[in-house]
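The values are calculated or read from the model by the stated rules, or taken from the named source; none is laboratory data. All figures in this text were calculated on a predicted structure; none of them were measured in a lab. In this analysis, Cβ positions are derived from the backbone assuming ideal geometry, glycine residues included, and neighbour counts consider all displayed protein chains.
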Amino acid sequence: MPEAQASTTTSSEPTSTPPSILIQKIGTSGQRTLIDTSILAGLKKSDLARLPPNLATSTLAVAELARGPGAAADDLEKARRLTHLGQVEASVEALPFDTRCARAYAPVCRAVEKLGRKPRGSRAIDLLIAATALAHEVPLCTLNSKDLRGLEQLIEIVDVSA
């Protein structure tokens, strides 16, 4: 696995985001980019239709979305979440979490542990998605870059919340 280079900020705006995390709009780099669950969950139908063709997600992010309809408080919300899930599945390529991704999870865990954080609990799926980006050698776009702190030396993290 080639070693990824640390990212540099592309925005001239002051930010509290660590300087090794990119700030840019989704899909502007021209290369394939992985988007995480935080982005997928917030996409509207009109957004899905306009996504650049170079975007992908992880099957793990799709799994997180698939959990949503069962957690809905009422039938209307369940139907809305099922519709959204179907639209995401039809619009965004899902990269599988395969053996290569499973092996990439080890350095992801080590990087998080170096910061004194545990690679389990609420951030476990985020880290598995990061391992997918590492294995496929693609940047990872997120709205929650703080959850990926420590991984900047392994993958390019693109914070699109700005």
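Numbers below:
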{"quantity": "Residues (at pLDDT below 90, touching a Lys or Arg at 6+ places or on another chain (Cβ under 8 Å) and either closer than 14 Å to Leu34 by Cβ or crowded, with 24+ Cβ neighbours inside 10 Å (or both)) located in segment 104-162", "calculated": "Val160"}
{"quantity": "Single condition Leu76 does not satisfy, out of (1) at pLDDT 95 or above; (2) surrounded by 14 or more Cβ atoms within 10 Å (Cβ to Cβ)", "calculated": "(2)"}
{"quantity": "Conditions (1) out of contact with any Asp or Glu (no Cβ under 6 Å at 6 or more places or on another chain); (2) within 16 Å of Leu65 (Cα to Cα): number failed by Arg123", "calculated": "(1)"}
{"quantity": "Residue match in segment 143-156 (condition: hydrophobic (A, V, I, L, M, F, W, C), touching a helix residue (DSSP H, G or I) at 6+ places or on another chain (Cβ under 6 Å), within 19 Å of Arg67 (Cβ to Cβ) and touching a residue at least 12 places away in the same chain (Cβ under 8 Å))", "calculated": "yes"}
